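The structure under discussion appears below in the form of structure tokens.
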Amino acid sequence: MLTDAEKQLINDLHAIQALKFGEFKLKSGALSPFYVDLRVIISHPPILRAVAQRILDLLAPLKFQRIAGIPYAGLPIATAVSLAGNLPMIYARKEAKDYGTKRVIEGRFEPGETVVLIDDVITDGASKFEAAEPLIQAGLAVRDFAIFLDREQGGSERLREKGYVLHSALRISAVLAHLQEAGRLSPDQFARCTDFIATVRF
């Protein structure tokens, strides 16, 4: 059951076109009837703040020393979470610097510390494994991923198979159901989206 605050956040995300409906080619090549583009929230501070609060709620019961944003969409969210929760943050660069410190991981940490990775969306989980690897190689412990939206297309299961735990603020099925109930998504659009989620796994 969605809270009133979650319903309002979904409405806001739809209004700024962070949730789009039509036909979109995904990274996998599949054609999706919906697309989640949370990169736009950086231009809407109140919405970014609300997303960060949902992530903070996920983090409350977990034990960790640092959070890490996953480039690129996860970085502004993790930064907002860090500021709102006074939590130390690090992040692994996509490419190591070939000058200066040649650092792979930005920020201060100690090997043996536990870090929670933060990102916007999960689909198949592949990018999450890639993001965790340099942190693990640096001696950090990674157990949990705090993700704003789960597309419910296999990512959670793949993380679990690798020994990780996914914590998601929202699931796409609940988002779609609310948008239909609120009159922001037609019955036909809702049916195409739910069919896609049920039949296309990554």
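The values are calculated or read from the model by the stated rules, or taken from the named source; none is laboratory data. What you are looking at is a predicted structure, and each value in this text was computed from that prediction instead of being measured. Cβ coordinates were reconstructed from backbone atoms using ideal geometry, including for glycine residues, and neighbour counts include every protein chain displayed.
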Query raised in the report: Looking only at region 39-60, which residues are surrounded by fewer than 16 Cβ atoms within 10 Å (Cβ to Cβ) and either on the phi > 0 side of the Ramachandran plot or in contact with an Asp or Glu (Cβ under 9 Å, 6 or more places away or on another chain) (or both)?
Result: Arg39, Pro46
Query raised in the report: Name the residues in region 60-91 that are among the hydrophobic types (A, V, I, L, M, F, W, C), touching a helix residue (DSSP H, G or I) at 6+ places or on another chain (Cβ under 7 Å) and at pLDDT 95 or above, would you?
Result: Ile67, Ala68, Ile70, Ile77, Ala80, Val81, Ala84, Leu87, Met89
Report summary line: Of the residues in region 164-197, those that are outside any helix (DSSP H, G or I) and within 18 Å of the chain's Cα centre (by Cα) number 8
Query raised in the report: Within region 174-202, how many residues turn out to be surrounded by fewer than 15 Cβ atoms within 10 Å (Cβ to Cβ) and either closer than 19 Å to Ala30 by Cβ or basic (Lys, Arg) (or both)?
Result: 5
Query raised in the report: Does any residue in region 15-38 that is surrounded by fewer than 13 Cβ atoms within 10 Å (Cβ to Cβ) come within less than 8 Å, Cβ to Cβ, of a residue that is at pLDDT 95 or above and part of a loop (DSSP other than H, G, I, E, B) six or more places away or on a different chain, and which pairs are these?
Result: Gln17/Asp37
Query raised in the report: Taking region 61-91 as the region of interest, how many residues are within 22 Å of Pro111 (Cα to Cα) and either of a type in the set (S, T, N, Q) or crowded, with 18+ Cβ neighbours inside 10 Å (or both)?
Result: 15
Requested in this report: For region 61-71, enumerate the residues that are part of a strand (DSSP E or B) and either more than 16 Å from Leu48 (Cβ to Cβ) or in contact with an Asp or Glu (Cβ under 8 Å, 6 or more places away or on another chain) (or both).
Outcome: Arg66, Ala68, Gly69
